[in-house]
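Throughout, read-outs are computed from the coordinates displayed, never taken from laboratory work. For clarity, every value in this text was computed on a predicted model and none was experimentally measured. As a convention, Cβ positions derive from the backbone with ideal geometry for all residues, glycine included, and neighbour counts pool all protein chains shown.
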Amino acid sequence: DMKVTQMPRYLIKRMGENVLLECGQDMSHETMYWYRQDPGLGLQLIYISYDVDSNSEGDIPKGYRVSRKKREHFSLILDSAKTNQTSVYFCASGADSGNTLYFGEGSRLIVV
Amino acid sequence: GDSVTQTEGLVTLTEGLPVMLNCTYQTIYSNPFLFWYVQHLNESPRLLLKSFTDNKRTEHQGFHATLHKSSSSFHLQKSSAQLSDSALYYCALSDRWDSGYNKLTFGKGTVLLVSP
């Protein structure tokens, strides 16, 4: 079954704390993504990963970093979270250009 | 860089009326892929339909869209709206970066609200 799994689903953190969002996929897709979704702004690309240890910045990478040590696993890290990073974060995976993106269930992060 | 422009904000319709959500795009690549994703409340986005063939109609689940490269458009249509069509709709564009890998650019989304 094709599935992208995100953990945790809900998270509340204090400003300045570190945040780790994890994503796994069971489709052996090479490419994985992290997006954030905010009302009125749509889905904004944070980072894209082409394979293990092959990551590139998306459109809004500032304040985030990523790690991909296994093809099936892609992590998003916020070092010292800020209140403006309160959002819903979606992980996705996909094959070559033109193929479907499969999204995880989303991780809702609140930074207070 | 690439950009996607959709019908702004909220579209409200009465059940049974036709649906048209506009999408136009800008890209330097001559062979883009265009997508419509749909996201129902408290769910994640999922693919509704996609196309890379100029002037060919693509259909899925009662919705259809035609990629027109001459006008850089990929409008989403349905002949008769249903209550279950209420959702957030994203138009998206994919091209090939110089490295040959895929980047998907989303529009800001259009909320479709269908009422009885």
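Take the Cα of A:A95, step 7 Å toward its Cβ, do the same at B:L17, and the gap between the two points is 4.1 nm. Sorting B:H40, B:H64, B:H75 from the fewest to the most surrounding beta carbons within 10 angstrom yields B:H40, B:H64, B:H75. For the residues B:K69, B:K56, B:K78, a GNM of chain B with alpha-carbon springs under 10 Å puts the largest fluctuation on B:K56. Shielding by partners for peptide A:56-69, expressed as the average number of C-beta atoms from other protein chains within 10 Å of each residue's C-beta, is 1. Neighbouring Cβ atoms from other chains, within 10 Å of the Cβ of residues in A:23-31, number 1 on average.
Using the Cα centre as the reference, give the magnitude of the dipole from point charges on the C-beta atoms of chain B (Lys, Arg: +1; Asp, Glu: -1; all else neutral), rounded to the nearest 20 debye.
200 debye
Annotation: the residues B:S44, B:S115, sorted from fewest to most other C-beta atoms within 10 Å of their own C-beta, follow the order B:S115, B:S44. The calculated Kirkwood hydrodynamic radius for chain A is 13.9 Å, given to one decimal from all distinct C-alpha pairs. Alpha-carbon geometry of the protein assembly as shown: the Rg and the Dmax are 17.6, 51 Å, given in that order.
Highest GNM mean-square fluctuation among A:G63, A:G40, A:G16, for chain A modelled with Cα contacts below 10 Å: A:G40. Shown for region B:3-115 is the translational diffusion coefficient from the Stokes-Einstein equation, using the Kirkwood radius over Cα pairs, a temperature of 4 °C and a viscosity of 1.567 mPa s: 91 µm²/s. Applying a DSSP loop filter and a limit of 14 other Cβ atoms within 10 Å to the GluC sites (Glu not before Pro) in region B:1-64 leaves B:E8, B:E15, B:E43. For region B:54-98, which chymotrypsin sites (Phe, Trp or Tyr not before Pro) pass both filters: DSSP loop (anything but H, G, I, E, B) and at most 14 other C-beta atoms within 10 Å? Passing sites in region B:54-98 are B:W97. Taking Cα centre as origin and charging only the Cβ of basic (Lys, Arg, +1) and acidic (Asp, Glu, -1) residues, the dipole magnitude of the protein assembly as shown rounds to 260 debye. Return the subset of B:K56/B:K78; A:K3/A:K70; A:K3/A:K62 for which the Cα-Cα distance in this structure is over 18 Å, preserving the input order. Checking Cα-Cα distances, A:K3/A:K62 exceed 18 Å.
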